1. HN-Hα J couplings of the stretch 58-73 from phi, Karplus 6.51/-1.76/1.60, θ = phi - 60°, integer Hz, Gly and Pro as x?
2. Output the peptides 322-332, 248-258, 188-198, 40-50 sorted from most to least packed, where packing is the average of other Cβ atoms within 10 Å over each peptide's residues.
3. Could you give each residue of the stretch 168-185 its phi-based ³J(HN,Hα) in whole Hz, using Karplus coefficients 6.51, -1.76, 1.60 with θ = phi - 60°, and x for Gly or Pro?
4. Please work out how much length the chain gains when fully extended from LYS250 to GLN206, using 0.36 nm per residue of separation minus the C-alpha to C-alpha distance, in nm with one decimal.
5. Can you list the GluC sites (Glu not before Pro) in the stretch 367-442 that are in a DSSP coil and have 15 or fewer other beta carbons within 10 angstrom?
6. Which value at 222 nm does the chain reach when only helices count, each DSSP H run of 4 or more adding -39,500 (n - 2.57), with the total divided by all residues and rounded to the nearest 500 deg cm²/dmol?
7. With both bridge residues required to lie in the chain, what share of the DSSP beta bridges run antiparallel, to the nearest 5%?
8. Taking a virtual spin label 7 Å from the Cα of ASP182 along the C-beta vector, which residues in the stretch 245-274 bring their backbone nitrogen under 19 Å of it?
Amino acid sequence: MTLNLFQTYITMSRRRRKKLPSEPIHATIESLSHDGRGISHIDGKVTFIARSLPGEEVMCRYTSKRGKFDEGDAIEVLHASSQRIEPRCLHFGVCGGCSLQHLSPADQIAAKQTRLLENLQHLGKVIPGEVLPPLIVEPWGYRRKARLGVKYMRREQVVRVGFREKHSAFLTDAKQCDVLHDVIASRLGAFGELVNGLSVRDKIPQIEVAVGDVHTALVFRHLEPLSEDDEQQLSEFGRKQQFGIFVQSKGPKTIRRLWPEAKSDFKLHYELPAYDVEIQFQPTDFTQVNAELNRAMIDQAMSLLDVQAEDRVLDLFCGLGNFSLPLARRAGAVVGVEGEASLVERARENAQNNGISNVEFYVADLNGELDAEPWYGEGFNKLLLDPPRSGASVVVEKLPQPLPQRIVYVSCDPATLARDAGILVRQHGYTLMSTGVMDMFPHTAHVESIALFEKN
């Protein structure tokens with residue numbers, strides 16, 4: 001089985017590296033790394049090999065040599081794993097968007113579950129009482145949020161739009177991306193043609209995409225002012241394609257809408273039908289990229305927390321109210337806390353729009369001192385944590401008193417979950433009752449997980 005050598009050569013030639021061995025090297029793949037590459041030992045040195053799977057015999061070329069480890073790319077599979085499948089995307093291996101398309105979806109989620117459990121055991125020194133069945137949804141067309149790179153190619157006089165190549169500043173030359181939501185998956189070429197017609201075609205570095213249940217928004221970042229004709233072209237594209245068109249010259253406060261006009265009822269939102277909740281958001285707000293998995297995740301969190309009418313629930317890192325508002329439909333009272341003031345403002349608006357009055361939202365630095373915060377000492381019997389990749393170590397070090405009886409922790413990094421799980425178990429006397437993975441980002445090495453802790 002021979003991989004696309006031409007793409008590999010092109011990718012390597014664009015990088016300024018010290019001279020590497022030119023002859024292919026034989027490698028036996030022993031395991032899978034946290035970022036989806038095969039791990040081998042060549043002449044006793046750890047080597048990470050892209051596009052390879054455990055149990056395979058491959059020929060590879062070095063892409064870098066470092067002090068403690070080397071990196072390579074498989075160019076030929078001599079003995080293929082039974083888990084290997086044909087990647088759906090022709091650009092797999094060059095595009096940096098996906099790393100696991102050569103591994104079957106079932107084996108992808110199994111590898112993620114193994115990584116979660118190994119992190120908990122080795123880093124956190126904890127073992128769950130139960131491993132939950134993984135949450136999985138359709139693995140294609142799931143991605144609703146994306147930041148697409150934009151590059152004007154002077155020699156070809158075209159504009160390329162898409163994801164960056166692996167370990168490179170160059171953009172993948174793709175007209176279609178099957179992990180993106182259907183409304184934008186096949187429009188990368190159209191976006192490029194649109195930008196190529198602008199006077200500032202070489203000053204548009206990025207298009208941010210946000211897809212709601214009904215509407216889709218595009219935010220065009222521009223480094224020089226747009227002409228009146230540029231704005232007309234962008235607006236006309238939005239009208240024809242029925243996309244909301246926004247432009248951004250500097251920071252978030254400079255974002256403005258070109259189309260439709262301000263007086264229109266254009267809004268981005270997603271619905272959570274099981275809780276009769278509609279959440280509105282702005283194009284650059286953080287929302288979960290996978291709407292179907294998000295709904296399943298909320299259901300899972302509600303079930304694990306076992307929310308009752310008398311409960312007081314604290315939701316930390318609450319964002320727009322993705323968990324807070326569904327919780328408020330079931331609990332007696334909910335408090336949501338978030339560090340970004342603009343998200344808290346919209347969370348309050350979402351509560352009001354949904355007629356939910358038993359929830360309060362606060363702005364607070366959850367990596368700072370929390371004792372003086374007005375909500376800190378109010379008393380909560382249940383806690384939901386949904387922190388960023390850095391985790392919630394400050395919060396779990398000093399939990400609000402009295403300690404919540406039940407904690408559900410939603411994680412986007414198994415290493416920081418493992419660290420925080422160790423704190424909860426050894427310092428506060430919790431038991432890790434159950435945990436499981438959720439495939440928020442199919443075909444990538446990203447691991448989303450959920451864990452339930454109960455106070456002994």
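1. So the J values, rounded to whole Hz, are 9, 9, 9, 10, 5, 10, 6, 10, 10, x, 9, 7, 10, 10, x, 9.
2. Result, highest mean Cβ count within 10 Å first: 322-332, 188-198, 40-50, 248-258.
3. 8, 8, 6, 8, 5, 7, 10, 9, 9, 9, 7, 8, 6, 3, 3, 5, 10, 3
4. 14.6 nm
5. Listed in order of number, the matching sites are GLU369, GLU378.
6. For the chain, the value works out to -7000 deg cm²/dmol.
7. Within the chain, antiparallel bridges account for around 65 percent of the total.
8. From the stretch 245-274, the list is 269-271.
FYI, it's all coordinate maths here, none of it is from the lab. Since the model is a prediction, treat every value here as computed from it, not as a measurement. Here the Cβ is made from the backbone with ideal geometry for all residues, glycine too, and neighbour counts use every protein chain on show.
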